[in-house]
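Trainee: Please see the structure below; I have some questions.
The values are calculated or read from the model by the stated rules, or taken from the named source; none is laboratory data. Because the structure is predicted, anything quoted here is derived from the model rather than measured. Here the Cβ positions follow ideal geometry from the backbone for every residue, glycine too, while neighbour counts run over all protein chains shown. The area values use the complete protein model at the heavy-atom level, side chains included, leaving out ligands, DNA and RNA. Shrake-Rupley method; radii C 1.70, N 1.55, O 1.52, S 1.80 Å.
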Amino acid sequence: GDFSDGGEVGGANRSIGNTDAYDMSIETNNVAQLIIEGSATGTGVITTPNQSSVLVRDDSGTVSTTTATKCLLDVETHDVQGEHDPTTNHRTTITLAGKYLISFLARADALGADKYLEARIYKNGSNVDGYDPAVQGGSDESGVMKTHILQLAASDYIEGFFWHDHGSDRTCYGVMNIIKVS
């Protein structure tokens with residue numbers, strides 16, 4: 001960048017960057033932490049390639065009726081900061097404090113008419129929002145999603161839980177997405 005006239009407070013606007021169609025990035029240890037796109041198709045788009053982001057799923061698990069059951073989120077689509085444990089605890093442990101957008105989708109096979117299915121987001125072993133079932137029914141797959149923005153501290157952990165009242169075990173599937181937003 002060029003602040004040739006000193007960049008004093010109250011002076012004219014200063015520019016940092018270049019005049020060509022190139023990306024501009026801020027790096028630490030030679031790794032881009034923030035990128036401002038300069039190409040003709042993405043000019044001005046800001047990317048934070050190392051921002052905490054986790055997308056995981058459980059392809060199937062048996063959930064007993066009227067029993068809150070942890071979703072074994074064991075298949076990772078992506079985990080930018082390596083915060084998710086897909087084998088032992090099946091949970092995401094936050095490494096940097098901040099606000100996080102968390103969504104959890106719970107799906108179940110063939111719940112009976114007027115039966116309930118819940119998706120529950122747990123923080124440090126406790127349900128973050130009480131119990132809020134969605135009425136489902138019929139012979140097709142049913143699903144319900146929970147979404148929250150939570151202030152999390154480093155070492156807080158997030159889990160997804162299922163609950164249903166079908167009357168017998170159901171096969172359930174889950175997908176969780178966690179993204180640091182500030």
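Trainee: Rolling a 1.4 Å sphere over the protein heavy atoms, what is the accessible area per residue of region 42-97, to the nearest Å²? Before the final figure, lay out the partial values.
Mentor: Details: 2880 Å² over 56 residues.
Value returned for region 42-97: 51 Å² of accessible area per residue.
Trainee: Quick check: pseudo-label points 7 Å beyond the Cα along Cα→Cβ at Asp74 and Asp132, how many nm apart are they?
Mentor: Roughly 3.0 nm, to one decimal.
Trainee: At what distance in nm do the modelled label points of Asp169 and Asn124 sit from each other, each positioned 7 Å from its Cα along Cα→Cβ?
Mentor: Roughly 3.4 nm, to one decimal.
Trainee: Another one. Sort 98-110, 58-70, 149-161 by packing, meaning the average of other beta carbons within 10 Å per residue, with the highest value first.
Mentor: On the way: 98-110: 18.9, 58-70: 15.2, 149-161: 17.0.
Per-residue mean Cβ counts within 10 Å order the peptides as 98-110, 149-161, 58-70.
Trainee: Of the heavy-atom accessible surface of region 48-182 (probe 1.4 angstrom), what whole percent is carbon and sulfur?
Mentor: Values: 2990 of 6190 Å².
C and S atoms contribute 48 percent here.
Trainee: Cys71's amide H: which non-local residues (gap 5+, or another chain) put their own amide H closer than 5 Å, with H modeled 1.01 Å from N in plane and none for Pro or chain starts?
Mentor: Hits under the 5 Å cutoff: Gly160, Phe161, Phe162.
Trainee: So, how do all the Cα-to-Cα distances of region 87-182 break down into 10 Å bins, in percent, from 0 on up?
Mentor: Computed distribution, short to long bins: 17, 45, 27, 11, 1.
Trainee: Compute, for region 77-168, the length of the dipole vector about the Cα centre, with Cβ point charges of +1 (Lys, Arg) and -1 (Asp, Glu) only. Units Debye, rounded to 20.
Mentor: Numbers: 7 positive and 13 negative charges, 49 e Å.
With Lys and Arg at +1 and Asp and Glu at -1, about 240 debye.
Trainee: With no solvent and one equal point scatterer per Cα, compute the Debye intensity ratio I(q)/I(0) for region 42-135 at 0.11, 0.14, 0.18, 0.20 Å⁻¹ and report its log10, rounded to two decimals.
Mentor: -0.42, -0.64, -0.95, -1.11
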